[in-house]
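The values are calculated or read from the model by the stated rules, or taken from the named source; none is laboratory data. As the structure is a prediction and not an experimental result, all values here were calculated from the model. Heads up, the Cβs are rebuilt from the backbone with ideal geometry, glycines too, and the neighbour counts pull from every protein chain shown.
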Amino acid sequence: MVENQTMTKTFSILLALLFFSCKSNTQDLTKEQASQDLAELKSELEKFHSGYNRYTSIDSMNLLFDQVENNLVDMSVVDFYKELALIASKIRCGHTRVSLPERSRAAFRRTNVFLPFTVSILDNKLYVRKSLDTSFKPGDEISAINGLGIPEILKTIFDHHSSDGYITSNKLQLTSYFFHYYFQLYLANGSTSYQVTFASSNKTVDGKSWSEVEAIQTSSRPGAVMELQHRNNYSYLKIGSFGESSLRSNGYNYTQFLAKTFKDLKERETKNLILDLRGNGGGKDSFGALLVSYLVNDDFGYFEKIEVTDEYSGYGEVVHSENTNLMTSHSGLAVHSSQKDSFRGTLYLLTDGWTFSTAADVVSVLDNTNRAYIVGKETGGGRFGNTSGASKTLTLPNSQIRFNIPLWKYTTALRDKVDTGRGVVPNAQISPSIQELLSGVDVQLNYCIDLIASN
């Protein structure tokens with residue numbers, strides 16, 4: 001692989017894989033076929049996933065595989081998929097993703113109906129956002145669906161999500177956006193109607209087609225956007241992606257944009273900068289390090305080390321040291337210097353659960369240097385790094401279920417060395433009320449603006 005391909009880490013792959021699922025009443029796999037696929041998955045993960053036991057011990061993973069093996073019967077591909085999704089989630093790696101065959105996408109949409117509304121999840125409470133049924137009003141709080149309480153529903157869905165360590169901020173945002181899909185997949189079991197419980201009432205409603213529900217869906221993320229705005233007492237910088245190809249396809253030259261932006265900030269003698277990385281799912285490693293170099297005033301480390309397994313082959317020079325295999329040729333391992341036009345004022349940083357992969361690396365390094373005042377929600381990517389970079393796509397022979405297996409285990413260059421399995425927790429954790437969310441009020445940005453005004 002070329003360097004640009006292997007140094008890309010992104011959350012966007014997940015969104016392309018979410019719908020490779022189907023509903024099937026037939027037993028597509030024999031017990032023996034499912035067992036063969038399970039054994040191959042286990043073998044490939046152990047050979048190639050460099051972060052396989054980062055948060056979950058080998059003994060625990062072996063036990064989990066044994067439990068799944070013991071429960072195998074003749075089963076549908078979708079039921080087998082659910083078991084594999086549980087396995088993937090226990091690895092606690094946000095880049096380890098599982099998807100059903102592409103042919104299943106159309107079948108799932110065609111053969112199922114979905115909750116007739118979209119939702120928002122705030123503080124683990126579920127609210128109607130938009131609805132096809134006029135009896136549901138935006139902002140209505142839902143306490144149960146089909147007799148299941150919201151905590152139980154969220155736990156079931158979360159148990160099938162891959163995320164870095166023990167982070168839930170990304171699970172909350174992902175579930176909020178795709179709730180109608182996940183509820184049908186993991187909990188509704190083909191239901192065509194739903195009993196929805198509010199504080200003082202119940203209502204049974206018919207499900208709606210995929211196209212009808214999608215028509216009222218609200219965009220989840222800003223995409224590959226880069227913009228700089230100037231106000232009286234601050235400037236606002238939005239970077240929606242570090243993906244080189246996606247930025248280019250939207251007309252941006254990342255390197256030139258940063259050079260022009262920070263030269264402009266320096267000439268204006270900008271005192272306060274709000275950097276918005278909400279919704280940024282990652283991308284090219286070097287793009288993250290370059291941004292940090294414009295935001296710090298001293299030399300800094302970016303990655304402490306990158307590990308691979310004994311079976312790894314591909315980009316980079318690898319040496320064996322202290323019972324591990326270390327990549328030595330990645331540019332992120334070098335000591336980086338600040339840019340001559342680096343910003344020297346007060347930096348405010350906006351984050352959320354979509355702030356993942358390379359974007360989370362940037363936040364971690366800035367947090368480590370005490371460079372930014374962070375506002376929003378915990379990053380969706382691990383503070384101490386992740387397993388990503390180059391990856392291997394495994395297609396299981398019988399089910400055709402696919403696994404994305406990341407190959408590089410990154411460790412961020414931080415002062416503290418104890419990995420707690422969390423993202424970067426903001427200095428100020430700010431959430432909107434449901435009324436503010438529905439009205440489009442950006443409470444996190446406004447919080448920063450108020451801080452600047454008060455100083």
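Against the test of being buried (at least 16 other Cβ atoms within 10 Å of the Cβ), hydroxyl-bearing (Ser, Thr, Tyr) and touching a residue at least 60 places away in the same chain (Cβ under 8 Å), the options Ser246, Ser209 yield a single qualifying residue, Ser246. For Gly283, are the conditions met, namely being in contact (Cβ under 8 Å) with a residue 60 or more places away in the chain, crowded, with 21+ Cβ neighbours inside 10 Å and closer than 30 Å to Ala453 by Cβ? Considered against the rule, which asks whether it is in contact (Cβ under 8 Å) with a residue 60 or more places away in the chain, crowded, with 21+ Cβ neighbours inside 10 Å and closer than 30 Å to Ala453 by Cβ, Gly283 comes out as no.
Which is under 26 Å from Gly380 (Cβ atoms), surrounded by fewer than 21 Cβ atoms within 10 Å (Cβ to Cβ) and either of a type in the set (D, E, K, R) or at pLDDT 95 or above (or both), of Glu141, Glu40? Please lay out each step first, then the result.
Numbers: Glu40 fails: under 26 Å from Gly380 (Cβ atoms).
Among Glu141, Glu40, only Glu141 is under 26 Å from Gly380 (Cβ atoms), surrounded by fewer than 21 Cβ atoms within 10 Å (Cβ to Cβ) and either of a type in the set (D, E, K, R) or at pLDDT 95 or above (or both).
For region 53-62, the criterion of a residue being within 29 Å of Glu307 (Cβ to Cβ) and surrounded by 21 or more Cβ atoms within 10 Å (Cβ to Cβ) is satisfied by at least one position. Screening region 395-441 for residues that are under 23 Å from the mean Cα position of the chain (by Cα) and at positive phi and picking the one that is surrounded by the most Cβ atoms within 10 Å (Cβ to Cβ) gives Gly421. In this structure, Glu46 does not qualify as closer than 30 Å to Thr197 by Cβ, acidic (Asp, Glu) and part of a helix (DSSP H, G or I). Whenever a residue of region 370-383 is in contact (Cβ under 8 Å) with a residue 40 or more places away in the chain and under 17 Å from Leu122 (Cα atoms), its partners that are aromatic (Phe, Trp, Tyr) and crowded, with 24+ Cβ neighbours inside 10 Å, lying with C-beta atoms within less than 8 angstrom and at least six residues away or across chains, give the pairs Val375/Tyr348; Thr379/Phe356; Gly380/Phe11; Gly380/Trp354; Gly380/Phe356.
With respect to being in contact (Cβ under 8 Å) with a residue 60 or more places away in the chain, assigned to a loop (DSSP other than H, G, I, E, B) and either buried (at least 22 other Cβ atoms within 10 Å of the Cβ) or not small (Gly, Ala, Ser) (or both), Leu295 fits the description. Among the residues of region 324-340, is there at least one that is in contact (Cβ under 8 Å) with a residue 40 or more places away in the chain, under 30 Å from Gln444 (Cα atoms), in a strand (DSSP E or B) and small (Gly, Ala, Ser)? No, every residue in region 324-340 fails to be in contact (Cβ under 8 Å) with a residue 40 or more places away in the chain, under 30 Å from Gln444 (Cα atoms), in a strand (DSSP E or B) and small (Gly, Ala, Ser).
Looking across region 376-393 at every residue that is hydroxyl-bearing (Ser, Thr, Tyr) and part of a strand (DSSP E or B), the one that is nearest to Asp416 (Cα to Cα) is identified as Thr387. Screening Ala360 against (1) within 17 Å of Ser293 (Cβ to Cβ); (2) assigned to a helix (DSSP H, G or I) leaves a single unmet condition, (1).
The single residue among Asn53, Asn62 that is more than 19 Å from the chain's Cα centre (by Cα), at pLDDT 95 or above and part of a loop (DSSP other than H, G, I, E, B) turns out to be Asn53. The residue pairs whose first member lies in region 431-443 and is touching a residue at least 12 places away in the same chain (Cβ under 8 Å), whose second member is in a loop (DSSP other than H, G, I, E, B) and surrounded by 14 or more Cβ atoms within 10 Å (Cβ to Cβ), and whose beta carbons are closer than 6 Å, counting only pairs six or more residues apart or on different chains, are Ile434/Gly139; Leu438/Pro138; Leu438/Gly139; Val443/Ile430; Val443/Pro432.
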